Amino acid sequence: MKKPLEGKVAVVTGSGQGVGRGVAILLARNGAKVVTNNRKPKDAKSAEIGFRSSALSGSVSLDSTEASKLGELSGDAESTARDIIAEGGEAVPFFGDITDYDTSGELIQAAIDNFGRVDILVNNAAGLGFGPFSTVTPSDWDYQLGPKLNGAFNCMKHALPHMVAQGYGRVLNTASDAWLGIAALSAYSAANSGLVALTKSTAKEFWTAGITVNAFCPQAESPGHVSFKATLRTMLKGSGTEIEIDEERMQESETAHGPAENLTFLAYLASEEAAHISGAVFSVTGGGSIALYSEPQHISNIEKRGGVWTFEELKQVVPEKLLASYTPLAAQREF
């Protein structure tokens, strides 16, 4: 039986490990030929903390389970390509930093040179980090926005002309639920919110060319997930803060962070079956949950014709009409 992505060629940035690795393997299992990518080769046996915290002065403490898991999940573009080939698929690795415009062009050209075309682009590369806004440095900002936004822009600029010429293309942008804005994730939230806006804008622009652009917010097994837990625990211990673990919520989180190879919905979005889906944002988990975000829209408005609002008028009408459905930040469950 023909596989749904047979004959298609995919480029997956940041696919040396974590979610990107899982997505690359998933696409290959569904028939795609894959170009894997990360910045440079790394020792697959080493455990590397990949989550930068601007509020942490010392080193991160890993327990034995975390160290083992981090080592197990570590890898690079070459190891991912090897895994794909070992399963009978076709893949080639490309090492290079896609925040550099010319390098991202060479990545897309690698797909053309090796497989003759590029049908699917997964912009997955990211810089992960957290910390209060007061501690975020310009370096932190660039580290988190560069791969996510500049990298996506660079790769799309080089890939989309090929997709337009062949009349087919699927762009999947790896965002995060942080695009809604999460406390102590200002840079990461901004990067992902920008990526969602880029997704929606380009989806509208390239719709008539047979190209879809969608964003997905994954929860899956990755070095970043392990690193975040270890980094947060180290920070809390250093500050003398003790927290009571909600075991039920912890188990729910671990179930959601199942293997990224389980994100089969992404293969669906990359297929011809999903030609009618573009400009959408989804949450997907390795535990099998798939959710569609609503489209932002006005929920209320006020209007004054024939003059300018006075301050006294606004004091009266804003609470009564404009903010009638507004939930104050202090009353929201999480912020």
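Our note on the geometry: Cα centres of region 281-335 and region 110-126, 39 Å apart.
Scattering from region 114-203 was approximated by placing one identical point on each alpha carbon and applying the Debye formula without solvent; log10 I(q)/I(0) at 0.13, 0.22, 0.23 1/Å stands at -0.46, -1.00, -1.06.
The distance separating the Cα centre of region 146-184 from that of region 5-24 comes to 14 Å. Residues whose amide H falls under 5 Å from that of Val34, counting only those 5 or more places apart or on a different chain, are Ala10, Glu90, Ala91, Val92, with hydrogens built in the peptide plane. With neighbour counts taken as other beta-carbon atoms within 10 Å, the residues Thr80, Thr36 rank, fewest first, as Thr80, Thr36. Between Ser134 and Ile85, what FRET efficiency comes out of the Förster formula 1/(1 + (r/R0)^6) with R0 = 56 Å and r the beta carbon distance, rounded to 0.05? Between Ile85 and Ser134 the formula returns 0.75. A crude spin-label estimate for the pair Gln332 and Ile182, with each label 7 Å from Cα along the Cβ direction, gives 1.4 nm. Fewest neighbouring Cβ atoms within 10 Å first, the residues Cys155, Cys217 line up as Cys217, Cys155. Each other residue within a Cβ distance under 15 Å of Lys304 adds +1 if Lys or Arg and -1 if Asp or Glu, for a net charge of -1. The calculated FRET efficiency for Ile302 paired with Ile277, based on their beta-carbon distance and R0 = 30 Å, is about 0.25.
Computed from the Cβ-Cβ distance with R0 of 22 Å, the FRET efficiency linking Arg117 to Tyr293 stands at 0.10.
Annotation: peptides 263-276, 9-22, ranked by per-residue average of other Cβ atoms within 10 Å with the highest first, follow the order 9-22, 263-276.
Every number here is computed from the coordinates shown, using simple stated rules; none is lab data. These numbers were taken from a predicted model, which means no experiment stands behind them. As a convention, Cβ positions derive from the backbone with ideal geometry for all residues, glycine included, and neighbour counts pool all protein chains shown.
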